[in-house]
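Please treat every number below as a calculation from the coordinates, not as lab data. Since the structure is predicted, the reported quantities are computational estimates derived from the model, not experimental observations. All Cβ positions, even for glycine, are placed from backbone atoms using ideal geometry, and neighbour counts span all protein chains on display.
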Amino acid sequence: MADIRKKLVVVGDGACGKTCLLIVFSKDEFPEVYVPTVFETYVADIEVDNKQVQLALWDTAGQEDYDRLRPLSYPDTDVILMCFSVDSPDSLENIPEKWVPEVKHFCPNVPIILVANKKDLRNDENVRNELVPEVVCKALLMFYAFLNKNIASVYG
């Protein structure tokens, strides 16, 4: 039996790799077919500092159609995984534009971990050309600014 129980919620644009991340972590298998998720939960039992931890992994829908339902997954969250896909510049731009404001509104004091998915596609020349450094830097600076109010002065 687990000594500790924690709830982890994963958010990000549709098709950015959230479900694959959770399935690989919890079941050690890679899903070959993409099936959009509305809501799904997985459980992973891990050991941290010689203590058993049960992670409840909440997979959410990234599509706009579910913007009103997604907040139902946020109560009692211990940590947020905020995901984007390296083959989708829009998913990265949506981190500071959509996901940070939503999460900060519903989970103001919950830690956020930023996750880049589909890194195996990073070597694709089209992906490298799309994720130009300016887009990456702007998105990451805005993400950091949302999390740390003191950096807002950088933007004047």
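Restricting attention to the range 21-41, report how many residues are closer than 22 Å to GLU102 by Cβ and surrounded by fewer than 19 Cβ atoms within 10 Å (Cβ to Cβ).
Here the count works out to 6.
Out of (1) surrounded by fewer than 17 Cβ atoms within 10 Å (Cβ to Cβ); (2) in contact with a strand residue (DSSP E or B) (Cβ under 6 Å, 6 or more places away or on another chain), what's the single condition that is false for LEU69?
Result: LEU69 fails condition (2) only.
Restricting attention to the range 48-105, which residues are outside any helix (DSSP H, G or I) and among the aliphatic types (A, V, I, L, M)?
From the range 48-105, those outside any helix (DSSP H, G or I) are 48-63, 67-69, 74-88; that's our starting set.
Passing the criteria: VAL48, VAL53, LEU55, ALA56, LEU57, ALA61, LEU69, VAL79, ILE80, LEU81, MET82, VAL86.
Could you list, in sequence order, all residues of the range 42-61 that are farther than 18 Å from PHE25 by Cβ and surrounded by 14 or more Cβ atoms within 10 Å (Cβ to Cβ)? Can you show your working first?
Filtering the range 42-61 down to residues farther than 18 Å from PHE25 by Cβ leaves 49-51, 61.
Within the range 42-61, ALA61 is the sole residue that qualifies.
Please enumerate the residues belonging to the range 20-48 that are touching a residue at least 24 places away in the same chain (Cβ under 8 Å) and under 24 Å from LEU72 (Cβ atoms).
CYS20, LEU21, LEU22, PHE25, SER26, PRO36, THR37, VAL38, PHE39
How many residues are surrounded by fewer than 16 Cβ atoms within 10 Å (Cβ to Cβ), in contact (Cβ under 8 Å) with a residue 12 or more places away in the chain and in a helix (DSSP H, G or I) when one looks only at the range 106-120?
Going residue by residue through the range 106-120, those that are surrounded by fewer than 16 Cβ atoms within 10 Å (Cβ to Cβ) are 108-109, 111, 113, 119-120.
If we keep only those that are in contact (Cβ under 8 Å) with a residue 12 or more places away in the chain too, we end up with 111, 113, 119.
With in a helix (DSSP H, G or I) added as a condition, the list becomes 119.
Residues meeting the conditions: 1.
Of all residues in the range 1-13 being of a type outside the set (A, V, I, L, M, F, W, C) and either closer than 18 Å to PRO96 by Cβ or crowded, with 24+ Cβ neighbours inside 10 Å (or both), which is nearest to the chain's Cα centre (by Cα)?
So the first thing to find is which residues in the range 1-13 are of a type outside the set (A, V, I, L, M, F, W, C), and the list is 3, 5-7, 12-13.
With the extra rule that they be either closer than 18 Å to PRO96 by Cβ or crowded, with 24+ Cβ neighbours inside 10 Å (or both), the set shrinks to 12-13.
Working: GLY12: 5, ASP13: 9 Å.
Checking each candidate, the answer is GLY12.
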